[in-house]
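> The structure that follows is given in the form of structure tokens.
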């Protein structure tokens, strides 16, 4: 039969275990409480990156595709070549039109020179006609006096008068010819201006045709991984057709949707710890880069309208952009869309 002293230790064991559990729970609770005072966490977050869609600027048939799905490409690489024969013909047509416009300028300048020569000739003719009028007037005045003195016959006087009238009529005609020649000269000068403006227009047409021709070579706008290829050799594509997308090499970042009640002490520059679900053993450092200008709901296709009377308060979430500073090897394995957990260290 057991003694009373032997039973007492057995009764103390459950109390000790219960005490340890209470102490552990208290320590855990205190730790979590202290952690919550200086951190804000969320698992409503995912990796994101700049994705550049590549579209065709001209229509045509695909002649050559120079990349594979998910292949790394560098900025400026030619990735797709379209059939550009029709675009080359348009360049030749624009070049011919420019050459024709240039020749027209030469013709206009030659016509302007001829018109200026005609103006000079007309001016000389006017001066000669003025001299003839002056002489005819002098003769008429002398013959007038001689007729008064009965020194000449009426026939001689009439001849002098006719010569004077003829000279005056000739001067008037030559003056009109000079005016016409001057107007033709001005018109010829304006034709030069018009022809030169046509050259500028034809040069613009040529530049545009060359630009369209350059679009037959589709190049990578950024460096990164080319994905979502939706074209094949020989396929006809229209201008504006999406061909593929490039996930930029500039680095992935995190978009974390924090509750509005978590933003009281949150600001740009705060340190962040990020855990990617795909690599749970890795901790990636980061910093808050910016806070969204509005809630995610406000940017949705159909933002909620609480003015209908059926109002139920819902805690909104604010997208926060976080830049990562992990190792190159780990960053290279990250893909936009991966789920992550975010912990922000508050001041």
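> What whole-number distance in Å separates the alpha-carbon centres of region 209-242 and region 272-288?
Cα centroid to Cα centroid, the span is 36 Å.
> Here is a further query. Using only the C-alpha atoms of region 251-347, find the volume of their convex hull and express it per residue in Å³.
Value for region 251-347: 119 Å³ per residue.
> Based on the mean of other Cβ atoms within 10 Å per residue, sort peptides 212-223, 312-323 so the most packed one is first.
212-223, 312-323
> In square nanometres and to one decimal, what's the mean projected area of the convex hull around the Cα atoms of region 187-319?
19.2
Readers should treat all values here as calculations from the given coordinates under stated rules, not as data from a laboratory. Being a predicted model, the structure only gives us computed values, none of them experimental. Every residue, glycine among them, receives a Cβ derived from its backbone with ideal geometry; neighbour counts consider all protein chains shown.
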